[in-house]
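Each remark here refers to the structure printed beneath this line.
The values are calculated or read from the model by the stated rules, or taken from the named source; none is laboratory data. From a predicted model like this one, the values you see are computed outputs, not experimental measurements. Here Cβ is always computed from backbone atoms with ideal geometry, including for glycine, and neighbour counts include all displayed protein chains. Heads up: the accessible areas ignore ligands, DNA and RNA and are worked out on the full protein's heavy atoms, side chains in. Shrake-Rupley method; radii C 1.70, N 1.55, O 1.52, S 1.80 Å.
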Amino acid sequence: MANTKNLWGGRFTEGANETFAEFNNSFRFDFRLFGADIRASMAHCDGLFHAGVLTRLEAERIKNGLVTLLKRADFDKNYFNDPAEDVHSFIEAKLVQLIGDTGRKLHTGRSRNDQVATAFRLWLREEIGDLGRLARALQVALVDLAEVNRDAVLPGYTHLQRAQPVLWAHWCLAYFEMLARDRERLDEVWRRVNILPLGSAALAGTSYEIDREAVARDLGFDGVTQNSLDAVSDRDFAIEFVGASAIMMMHLSRLAEDLIVYATTEFGFIELGDAISTGSSLMPQKKNPDALELIRGKAARVYGHQTGLLTMMKGLPLAYNKDMQEDKEAVFDTVETVSQTLRVTEIVLRNIGVDTAKTRRAAARGYLNATELADYLVQKGVPFRIAHDTVGRTVLAAIAKGKELDELSLEELRGFSDKIEIDVFEALSLDRTLRSKSQIGGTSPERVNEALAAARRDLELDAH
Ligand code: ARG
């Protein structure tokens with residue numbers, strides 16, 4: 001009698017140890033692949049029919065059965081409560097339960113090894129699409145935030161020391177660029193995810209005349225894998241996806257860190273809305289940036305998954321090994337984490353207020369125009385190195401007097417260089433400083449306005 005309890009029947013006389021079975025089972029998490037595995041099974045079923053393995057009637061019975069399973073799962077919240085080893089054995093058991101022995105023909109010419117790789121890719125390609133759309137929504141929020149604060153000026157930092165003034169919009173667009181690269185990376189990963197491994201069977205390929213390319217077309221894959229050994233043991237696509245996600249999370253984490261700093265009393269550049277803040281159970285005055293801290297913190301999880309996957313794969317002999325079942329939770333959690341983080345980041349951006357008076361004041365203090373003074377001297381023929389040194393000494397003296405450079409008198413300034421004339425004050429002004437950064441990629445209002453318009457245009461072009 002056929003063993004219906006698990007998939008490997010005859011060779012075994014005893015059942016699995018319960019604790020081991022629990023350890024071995026993946027259904028509690030890979031049930032997520034249910035829809036994808038069924039779609040792949042329907043295509044495989046057609047492949048078997050065209051190969052002459054299944055009669056038309058059998059193929060129809062199987063496909064109708066699979067559709068019924070899909071509907072039941074949709075309808076019945078407790079559908080996945082039945083115990084099963086993994087989603088593949090679950091579906092097969094349900095199918096056999098529903099249509100009888102014909103259901104046992106579906107697994108002809110395939111193995112769970114090519115089956116799982118197929119379902120996983122099918123599932124992931126859709127998720128990547130969703131994440132791309134969320135990343136785009138965040139880009140829209142960045143552009144909106146830039147436009148609301150079109151004239152806002154921000155001290156720019158290096159080493160977290162005030163460096164040169166930039167437009168607030170320039171800051172927003174910096175993160176816009178990072179997300180543009182992130183979306184590109186996701187698209188590239190998508191292309192390598194979207195290749196069909198089905199037909200590789202356990203490791204050697206299938207002996208049935210299944211037209212793999214037709215199956216690929218049927219499932220919307222762009223091509224078929226070219227080596228069966230590689231196909232069943234390749235998880236590059238998962239690692240690449242988590243890698244691209246790790247980089248995106250690094251970007252979101254940096255954005256969070258910037259905003260955490262800007263929201264401190266010490267900086268006071270932004271105010272976090274109540275909707276995205278928490279209080280303290282002890283200190284009544286506190287308003288904490290928990291949302292931002294979690295965005296920063298979540299990056300660590302995704303890095304962990306990337307390291308986990310790379311480590312899991314590094315010692316595996318060809319071809320499939322059960323270690324690879326560990327890929328699922330890493331990828332599932334990455335998708336969930338990135339998705340949540342992108343959504344929350346967008347909400348944060350829509351719930352902050354920029355104190356533009358304060359950021360402007362901050363940009364005007366702390367010698368952010370020292371480089372302008374050096375450039376001014378260069379224009380008057382002083383070699384840059386000498387100008388740099390002259391301005392350094394000027395700053396030192398200004399610090400001692402408790403004044404900004406543009407608060408020194410013309411005589412005081414001329415004490416450092418007789419090249420300095422009355423037009424120096426115009427050169428040192430905040431607006432002039434900004435305006436002068438007018439090459440492509442610079443922070444001049446003109447350039448930033450162009451960049452904003454280009455960003456809007458790009459967003460419209462690839463509106464999903
Ligand atoms: N649940 C397994 C996984 O996720 C499916 C493949 C099992 N294959 C096998 N030969 N044991 O990897």
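Would you confirm whether or not region 383-401 contains a residue that is more than 16 Å from the ligand (Cβ to nearest atom) and within 30 Å of MET249 (Cα to Cα)?
Checking region 383-401: not a single residue is more than 16 Å from the ligand (Cβ to nearest atom) and within 30 Å of MET249 (Cα to Cα).
Given the criteria more than 14 Å from the ligand (Cβ to nearest atom) and either in a helix (DSSP H, G or I) or under 27 Å from GLU329 (Cα atoms) (or both), does LEU124 qualify?
Details: more than 14 Å from the ligand (Cβ to nearest atom): no; either in a helix (DSSP H, G or I) or under 27 Å from GLU329 (Cα atoms) (or both): yes.
So LEU124 fails the test.
Out of curiosity, is GLU426 among the acidic types (Asp, Glu) and part of a helix (DSSP H, G or I)?
Against the criterion (among the acidic types (Asp, Glu) and part of a helix (DSSP H, G or I)), GLU426 qualifies.
Test MET283 against the criterion of being among the aliphatic types (A, V, I, L, M), away from the ligand (no atom under 16 Å from the Cβ) and surrounded by fewer than 17 Cβ atoms within 10 Å (Cβ to Cβ), and give yes or no. Steps first, answer last, please.
Numbers: among the aliphatic types (A, V, I, L, M): yes; away from the ligand (no atom under 16 Å from the Cβ): yes; surrounded by fewer than 17 Cβ atoms within 10 Å (Cβ to Cβ): yes.
Here the answer is yes, as MET283 does meet what is asked.
Can you pull out the residues in region 240-269 that are open to solvent by 30 Å² or more (accessible area, probe 1.4 Å) and in a helix (DSSP H, G or I)?
Matches in region 240-269: GLU240, ILE247, MET250, ARG254, GLU257, ASP258.
Does ALA141 satisfy the condition of being away from the ligand (no atom under 15 Å from the Cβ), in a helix (DSSP H, G or I), farther than 25 Å from VAL189 by Cβ and open to solvent by less than 30 Å² (accessible area, probe 1.4 Å)?
Criteria not met by ALA141.
Could you list all residues from region 77-98 that are surrounded by fewer than 20 Cβ atoms within 10 Å (Cβ to Cβ), more than 16 Å from the ligand (Cβ to nearest atom) and in a helix (DSSP H, G or I)?
Listed by number, the residues that qualify are TYR79, ASN81, VAL96, GLN97, LEU98.
Kindly check whether there is at least one residue in region 104-120 that is charged (D, E, K, R), more than 16 Å from the ligand (Cβ to nearest atom) and open to solvent by 10 Å² or more (accessible area, probe 1.4 Å).
Scanning region 104-120, I find at least one residue that is charged (D, E, K, R), more than 16 Å from the ligand (Cβ to nearest atom) and open to solvent by 10 Å² or more (accessible area, probe 1.4 Å), so the answer is yes.
Within region 25-53, how many residues turn out to be farther than 20 Å from LYS94 by Cα, surrounded by 11 or more Cβ atoms within 10 Å (Cβ to Cβ) and not aliphatic (A, V, I, L, M)?
3
Have a look at TYR175, TYR157 and point out the one that is away from the ligand (no atom under 16 Å from the Cβ), open to solvent by 20 Å² or more (accessible area, probe 1.4 Å) and modelled with pLDDT of 95 or more. Steps first, please.
Working: TYR175 fails: open to solvent by 20 Å² or more (accessible area, probe 1.4 Å).
Step by step, each of TYR175, TYR157 is checked, and only TYR157 is away from the ligand (no atom under 16 Å from the Cβ), open to solvent by 20 Å² or more (accessible area, probe 1.4 Å) and modelled with pLDDT of 95 or more.
Filter region 312-350 down to residues that are in a helix (DSSP H, G or I), open to solvent by less than 60 Å² (accessible area, probe 1.4 Å) and within 14 Å of the ligand (Cβ to nearest atom), then give me how many there are.
9
Looking at region 215-226, which of its residues are in a loop (DSSP other than H, G, I, E, B) and in contact (Cβ under 8 Å) with a residue 12 or more places away in the chain?
Of everything in region 215-226, those that are in a loop (DSSP other than H, G, I, E, B) and in contact (Cβ under 8 Å) with a residue 12 or more places away in the chain turn out to be GLY220, PHE221, ASP222, THR225.
Residue-by-condition table, conditions (1) small (Gly, Ala, Ser); (2) without any contact (Cβ under 8 Å) to a residue 60 or more places away in the chain; (3) over 29 Å from GLU329 (Cα atoms):
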| residue | (1), (2), (3) |
| --- | --- |
| GLU22 | no, yes, no |
| HIS50 | no, no, yes |
| GLU60 | no, yes, yes |
| ARG112 | no, no, no |
